[in-house]
Every structure is written in structure tokens, then in C-alpha cells.
Amino acid sequence: MRLAGDGRLLTRREMMRGAIGVGALAACGEHPLAPERKRAGSLCIDSHVHVWAHDPRFPFAEGAKVPPGDFSVERLIGLMRANGVDRTVIIQVIHYKWDNRYLLDVLRRHPKLFRGVCRVNPE
């Protein structure tokens, strides 16, 4: 938990940009992607991130309005590394609707970095 100067919780966007976010992330210490750093005894966890890739193995749902670029797990790992984030909770993106295969693929390939929240058809 990180607090702003006025005592309120920082939003994830505030954490990831700006001087307070940079200072808080730097205080988090080592993470699995940067073993040369010393662990400060706490973890930085981003609790809500979406990933997707234009990959025929993981087709988007019919009618999905998918941005032209990818936000792949590889891109996410690069951002985590650059910002000192230890772990991330990946939330199933709406582009795949109820098809959680991309999320499951990411979780299988990187079990120490990610946890996931899937989408389940309520019907």
C-alpha cells in the first residue's frame, strides 16, 4: 500500500508515473527480473493489468474492438522490469470474451510473475 502526501491511496496510474510513483517503486527492492538488486523486504504488485496479442492461436471474440497494436506479456515484462514491479495480476481482457486461453498461456509460461483473473460466462 502506498499513500500520497495527503494520505489517500495512490491510483495505479499515479504509482507508475510521477515522482511519488518512481520513489515508491524504487523502494520495493529486488524482483525476479533484476536479481542484482537487494531485496528491501516488500513486493511491488500491480493488481490490474490486461494483456493481448494478435495471434491466430488466440482469436479475439467476434465483434471485439481490439486496438491495432498488442499489449503482449513480453511488453508487460519489459515495463515491469523498467519500473521495479515484482508481480502482476492479469485480468482477462474483454477482447477475448470468455476465451481465457491467452491468459492461461501467459500464466503457464510465467508462474512466478503473474496470477490471473479469468472471465466466466454467467449463463
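Rule-based calculations on the coordinates, nothing more; no lab input. Please read all numbers here as calculations on a predicted model, not as lab measurements. A quick note on method: Cβ atoms are made from the backbone with ideal geometry, for glycine too, and the neighbour counts reach across all protein chains shown.
Packing around the peptides 45-54, 79-88, taken as the average count of other Cβ atoms within 10 Å per residue, puts them in this order, highest first: 79-88, 45-54.
Each label point was placed 7 Å from the Cα along the Cα-to-Cβ direction; for Val89 and Ser47 their separation is 0.6 nm.
Sorted largest first, the principal axis extents computed over the alpha-carbon atoms of segment 45-99 equal 36, 18, 18 Å. Modelled this way, with points 7 Å down the Cα-to-C-beta line, the labels at Asp55 and Arg108 are 1.1 nm from one another.
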